[in-house]
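Below is one structure, written out as structure tokens; comments come after it.
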Amino acid sequence: MATNPVPDHVPPEMVRDFSLFTSPGMPPTPNGDPHAAVACVHDGPPIFYSRYNTQDGRGTWVITRAADQRKVLQDAETFSSHRSIFSSILGENWPTIPLELDPPAHGVFRSLLNPLLSPKRVLALEPAVRERAVELIERIAASGTSCDAMKDFAFPFAVSTFLRFLGLPDDRLDTFVGWGKDLLHGDDKERPVAARTIVAFIDELAAMRRQEAVDDFMTFIVQAQVEGRRLTDTQVRGIGVLVFVAGLDTVAAAIGFDLAYLARNLKDQQLLRSEPDRIPLATEELLRAYPPIQLIRVATKDIDFEGAPIRRGDYVSCATMIANRDPAEFECPNTIDLEREDNRHAAFGYGPHRCLGSHLARREIVVGLEEWLARIPAFRIKPGTAPITSGGHVFGIENLILDWS
Amino acid sequence: MRIIVQKAKCQGHARCAAQAPDIFKLDDEGYILPGDIEVAEGEELPASRGARSCPERALELDRTPAARVE
Ligand code: HEM
Ligand code: SF4
């Protein structure tokens, strides 16, 4: 796998045998801890080159320090987001919006979308989010003393929350989860099929809302005006596809890793159960410890960045799970301390692309943990089972069989 | 005490407002309002907590006496 040639401008001593896809702990691993596994990069140089570090097997520079990632991500002029990750799966070239646009075009779309997911709006969405969490957890509590927390809670909770936001009914939830799985964790055959299915679905939804307006997100998008003009079909598709994909896996993965941590650390679990006021602060620490995403930028010009000769067109990786274990930024980064203060973690990125859904995601995790701990007694990983974790572009946890018998 | 707001660096994480909503006011998009913030007496603790919570380093504490006299 790691046979990509190293570009001529990369000094051989800056190449390290590390990859978010192939290093130990990255392929699907029973009882794995992929976040702890990547923390080992901090034993080495702050910036290095990895020969195999994207889904399609490209080499990237790897920025390990939080302060350097902040510099890269705040400087969109030098480090561009324009890379068509999604459409390139289809052999096409259009950006998901706003993710793959650079300023100033990026800002125009962010301003359009920001109010829909602002802290104020999220406050208004919260009662419905909580209702959904309670409904799912009560069903679990009533049906026994064990469950697969991913299948029975994390996925349906996260996915139905954003389906409601998009204005879609819950009845096809399993289908959507399946598309998301194939897209993010599938092989070279499954990914294009899933991508094409999602595009067709979004296009069809947009066409329906153009014909008949309802009070939902897609209607808002097809009616929106930017600089005095309606959005083009490609822009509508770019937004729809992104919001669909962004909410599918991330929140579910975060909740899964959080519950797995609590299942293995009964003292912390009991602390949060008896003092639920601590959950918002604890959620920040769990977001620091278990963030799911690697960010990629493309250099727009030659630059010597903190000693690395980055050349135009090079890929630059800012993995949030690496920044969040940076000892220069966090005291004892590998210790999970649910009372940690001043926790300026990178889970939602830095710079203009800061996660648009971050306020909703935070509330979902807090509400999910609150309602779970209020209804499920001391739980642990069911003996004889093992959660399967994986690294990659989006870190994931496949199954989480919990037991409270 | 005063908080120097570098509005251009704000990316709307809203962590400051989560610490102290009355000190750090956000606009409808969820980004901080422009202009430095004079911190009232007795509010130094939540104000400095809020400033220290900004992931973008957009908020800076100014404890110089000049800032207090102003
Ligand atoms: C725990 C859950 C989540 C995490 C950790 C997360 C993380 C991130 C990160 C790191 C970025 C920055 C990407 C980049 O700079 O290249 C991002 C962008 C984005 N996220 Fe999230 N996300 C989460 C949940 C959500 C949800 C629930 C939504 C939708 C409701 C969402 C919508 C978006 C959008 C639209 C962008 C693109 C913003 C832009 O480019 O300006 N995210 N997310
Ligand atoms: S924490 Fe920083 S980035 Fe976030 S709203 Fe406040 S000033 Fe802006």
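The values are calculated or read from the model by the stated rules, or taken from the named source; none is laboratory data. For clarity, every value in this text was computed on a predicted model and none was experimentally measured. Reconstructed Cβ throughout: ideal geometry from the backbone, glycine too, with neighbour counts over all protein chains shown.
Pairs under 9 Å by beta carbon, first residue farther than 15 Å from residue A:367 by Cβ and at pLDDT 95 or above in region A:247-264, partner among the hydroxyl-bearing types (Ser, Thr, Tyr) and in a helix (DSSP H, G or I), six or more apart or different chains?
none
Tell me, please, whether a residue that is more than 25 Å from residue A:370 (Cα to Cα), under 21 Å from the mean Cα position of the chain (by Cα) and within 14 Å of ligand 1 (Cβ to nearest atom) can be found in region A:192-202.
For region A:192-202, residues more than 25 Å from residue A:370 (Cα to Cα), under 21 Å from the mean Cα position of the chain (by Cα) and within 14 Å of ligand 1 (Cβ to nearest atom): present.
List the pairs whose first member sits in region A:356-372 and is within 17 Å of residue A:262 (Cβ to Cβ), whose second member is within 16 Å of ligand 2 (Cβ to nearest atom), and whose Cβ atoms are under 7 Å apart, counting only residues at least 6 apart or on separate chains?
Every condition considered, the pairs that remain are A:366/A:280.
Hey, among the residues in region A:312-328 that are part of a loop (DSSP other than H, G, I, E, B) and buried (at least 19 other Cβ atoms within 10 Å of the Cβ), which one's nearest to ligand 2 (Cβ to nearest atom)?
Keep residues of region A:312-328 that are part of a loop (DSSP other than H, G, I, E, B), which gives A:312-314, A:324-328.
Then drop every residue that is not buried (at least 19 other Cβ atoms within 10 Å of the Cβ), which leaves A:314, A:324-326.
Working: A:314: 28, A:324: 17, A:325: 22, A:326: 19 Å.
Going through the qualifying residues, I end up with A:324.
Name the pairs whose Cβ atoms lie under 8 Å apart, with the first residue in region B:2-16 and within 7 Å of chain A (Cβ to nearest Cβ), the second among the hydroxyl-bearing types (Ser, Thr, Tyr) and buried (at least 24 other Cβ atoms within 10 Å of the Cβ), and 6 or more positions between them or separate chains?
From region B:2-16, the pairs are B:11/A:350.
Among the candidates A:223, A:235, A:211, single out the residue that is modelled with pLDDT of 95 or more, within 24 Å of the chain's Cα centre (by Cα) and not basic (Lys, Arg).
The unique qualifying residue is A:235.
Given A:281, A:286, A:360, which one is aliphatic (A, V, I, L, M), surrounded by 22 or more Cβ atoms within 10 Å (Cβ to Cβ) and within 14 Å of chain B (Cβ to nearest Cβ)? Let's see the steps before the verdict.
Values: A:281 fails: surrounded by 22 or more Cβ atoms within 10 Å (Cβ to Cβ); A:286 fails: within 14 Å of chain B (Cβ to nearest Cβ).
Matching residue, one of A:281, A:286, A:360: A:360.
Can you tell me which residue is farthest from the other protein chains (Cβ to nearest Cβ) among those in region A:307-348 that are at positive phi and not charged (D, E, K, R)?
Filtering region A:307-348 for residues at positive phi gives A:307, A:313, A:332, A:342.
Retained after the next criterion (residues that are not charged (D, E, K, R)): A:307, A:313, A:332.
Working: A:307: 22, A:313: 26, A:332: 18 Å.
Among them, the one singled out is A:313.
Are there any helices (runs of 4 or more DSSP H) wholly within region A:17-125 with 3 or more residues that are under 30 Å from residue A:163 (Cβ atoms) and away from chain B (no Cβ under 14 Å), and if so which? If you could, list the steps in order and put the result at the bottom.
Values: elements: A:34-38, A:66-74, A:85-89, A:105-113.
Output list reads A:85-89.
Would region A:86-99 turn up any residue that is in contact with a helix residue (DSSP H, G or I) (Cβ under 8 Å, 6 or more places away or on another chain), closer than 23 Å to residue A:226 by Cβ and within 16 Å of ligand 2 (Cβ to nearest atom)?
no
Going by the structure shown, is residue A:158 within 16 Å of ligand 1 (Cβ to nearest atom), assigned to a helix (DSSP H, G or I) and either surrounded by 15 or more Cβ atoms within 10 Å (Cβ to Cβ) or more than 14 Å from chain B (Cβ to nearest Cβ) (or both)? Reasoning before the result, please.
Numbers: within 16 Å of ligand 1 (Cβ to nearest atom): yes; assigned to a helix (DSSP H, G or I): yes; either surrounded by 15 or more Cβ atoms within 10 Å (Cβ to Cβ) or more than 14 Å from chain B (Cβ to nearest Cβ) (or both): yes.
Here the answer is yes, as residue A:158 does meet what is asked.
Among the listed residues B:9, B:25, identify the single one that is of a type in the set (D, E, K, R) and touching an Asp or Glu at 6+ places or on another chain (Cβ under 6 Å).
On the way: B:25 fails: touching an Asp or Glu at 6+ places or on another chain (Cβ under 6 Å).
Residue meeting the stated conditions: B:9.
Got a number for residues in region B:19-48 being within 16 Å of ligand 1 (Cβ to nearest atom) and either more than 12 Å from chain A (Cβ to nearest Cβ) or not in a loop (DSSP other than H, G, I, E, B) (or both)? Show your work before the answer.
We begin by selecting, within region B:19-48, every residue within 16 Å of ligand 1 (Cβ to nearest atom); these are B:29-31.
Restricting the remaining residues to those that are either more than 12 Å from chain A (Cβ to nearest Cβ) or not in a loop (DSSP other than H, G, I, E, B) (or both) gives none.
The qualifying residues number 0.
Do we have residue A:137 as in contact (Cβ under 8 Å) with a residue 24 or more places away in the chain, part of a helix (DSSP H, G or I) and more than 14 Å from chain B (Cβ to nearest Cβ) here? Before the answer, list the steps.
Values: in contact (Cβ under 8 Å) with a residue 24 or more places away in the chain: yes; part of a helix (DSSP H, G or I): yes; more than 14 Å from chain B (Cβ to nearest Cβ): yes.
Spelling it out, residue A:137 is indeed in contact (Cβ under 8 Å) with a residue 24 or more places away in the chain, part of a helix (DSSP H, G or I) and more than 14 Å from chain B (Cβ to nearest Cβ).
Give region A:102-154 a look and list any residue that's among the aliphatic types (A, V, I, L, M) and over 23 Å from residue A:248 (Cβ atoms), or say none. Don't jump to the end; show me each part of the working.
We begin by selecting, within region A:102-154, every residue among the aliphatic types (A, V, I, L, M); these are A:105, A:108, A:112-113, A:116-117, A:122-125, A:128-129, A:133-134, A:136-137, A:140-142, A:149-150, A:154.
A:105, A:108, A:123, A:141, A:142 - these are the residues of region A:102-154 that are among the aliphatic types (A, V, I, L, M) and over 23 Å from residue A:248 (Cβ atoms).
Yes or no: region A:382-404 includes at least one residue that is away from every other protein chain (no Cβ under 14 Å) and assigned to a helix (DSSP H, G or I). Before the answer, list the steps.
Here is the first cut: in region A:382-404, the ones away from every other protein chain (no Cβ under 14 Å) are A:382-404.
Pick out the ones that are also assigned to a helix (DSSP H, G or I) and you get none.
No: region A:382-404 contains no residue that is away from every other protein chain (no Cβ under 14 Å) and assigned to a helix (DSSP H, G or I).
Answer yes or no as to whether residue B:58 is among the small types (Gly, Ala, Ser), within 7 Å of ligand 2 (Cβ to nearest atom) and in contact with a Pro (Cβ under 9 Å, 6 or more places away or on another chain). Step through it out loud before you land on a result.
Numbers: among the small types (Gly, Ala, Ser): yes; within 7 Å of ligand 2 (Cβ to nearest atom): yes; in contact with a Pro (Cβ under 9 Å, 6 or more places away or on another chain): no.
No.
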